[in-house]
Amino acid sequence: MVNDIIADSLTRLRNASMRRLESTNLYYAKIVVSILEVFKTKGFVKGYSVNDKDGKQSILVQLAYDDQGKSMINEVKRISKPGRRVYKGRSELKRFKNGYGTIVVSTSKGVIANDEAYRANVGGEALCSIW
């Protein structure tokens, strides 16, 4: 059993993009699906699908690459960890990597990107960052 499902998912995405794989499998969790939805809207992954095989759910993620075959994911990091939670206010969520990156934030309005949280005037737990 994986203790930190988010960190495991981010590591699998990072490793698959470094190996230039077309897709990868992740363990299923609602929070992981929410994070993948943010990644999909920002263009870091092409898409994902939830598979149910023998009562076990998993997520198949299709990775995104540019025209030269370079991965859209340069770096993905876990910010808030089970041993040390990191919370950010609205003012801290304005921009990340000069607008090229995204911080995924768990707020009272759901799991959203940092620019959406800034516009919604909410802060929350910074789950991960990607650029």
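Considering only residues that are touching a strand residue (DSSP E or B) at 6+ places or on another chain (Cβ under 9 Å) and surrounded by fewer than 16 Cβ atoms within 10 Å (Cβ to Cβ), look in region 9-26 and name the one that is nearest to S80 (Cα to Cα).
Taking the candidates together, the pick is T11.
Listed residues V2, V33, V50; which is in a loop (DSSP other than H, G, I, E, B), among the β-branched types (V, I, T) and more than 14 Å from I130 (Cβ to Cβ)? First the steps, then the outcome.
Details: V33 fails: in a loop (DSSP other than H, G, I, E, B); V50 fails: in a loop (DSSP other than H, G, I, E, B).
Selected residue: V2, the only one of V2, V33, V50 that is in a loop (DSSP other than H, G, I, E, B), among the β-branched types (V, I, T) and more than 14 Å from I130 (Cβ to Cβ).
When D67 is tested against (1) more than 16 Å from V105 (Cα to Cα); (2) within 17 Å of the chain's Cα centre (by Cα); (3) exposed (fewer than 13 other Cβ atoms within 10 Å of the Cβ), just one condition goes unmet, and that condition is (2). For region 76-89, the count of residues that are in contact with a strand residue (DSSP E or B) (Cβ under 7 Å, 6 or more places away or on another chain), farther than 15 Å from A126 by Cα and of a type outside the set (A, V, I, L, M) is zero. Look at (1) over 25 Å from V2 (Cα atoms); (2) among the aliphatic types (A, V, I, L, M); (3) touching a Ser or Thr at 6+ places or on another chain (Cβ under 7 Å) and you find that I73 fails only one, number (1).
Would you say V105 is of a type in the set (A, V, I, L, M, F, W, C), part of a loop (DSSP other than H, G, I, E, B), touching a Lys or Arg at 6+ places or on another chain (Cβ under 9 Å) and buried (at least 16 other Cβ atoms within 10 Å of the Cβ)?
Values: of a type in the set (A, V, I, L, M, F, W, C): yes; part of a loop (DSSP other than H, G, I, E, B): no; touching a Lys or Arg at 6+ places or on another chain (Cβ under 9 Å): yes; buried (at least 16 other Cβ atoms within 10 Å of the Cβ): yes.
The answer is no for V105.
Remark: pairs (first residue in region 92-113, closer than 21 Å to A7 by Cα; second residue among the hydroxyl-bearing types (S, T, Y) and exposed (fewer than 15 other Cβ atoms within 10 Å of the Cβ); Cβ separation under 8 Å; 6+ apart in sequence or on different chains) = A113/T41.
Which is open to solvent by 30 Å² or more (accessible area, probe 1.4 Å) and farther than 20 Å from A7 by Cβ, of E116, E37? Among E116, E37, only E116 is open to solvent by 30 Å² or more (accessible area, probe 1.4 Å) and farther than 20 Å from A7 by Cβ.
Among what's in region 70-89 and is among the charged types (D, E, K, R) and assigned to a loop (DSSP other than H, G, I, E, B), pick the residue that is nearest to the chain's Cα centre (by Cα). Among residues in region 70-89 that are among the charged types (D, E, K, R) and assigned to a loop (DSSP other than H, G, I, E, B), the one nearest to the chain's Cα centre (by Cα) is E75.
The values are calculated or read from the model by the stated rules, or taken from the named source; none is laboratory data. Everything numeric in this text was worked out from a predicted model, so none of it was measured. Glycine gets a Cβ as well: all are built from the backbone with ideal geometry, and neighbour counts include every protein chain shown. Quick note on the areas: whole protein, heavy atoms, side chains included, nothing else; ligands and nucleic acids left out. Shrake-Rupley method; radii C 1.70, N 1.55, O 1.52, S 1.80 Å.
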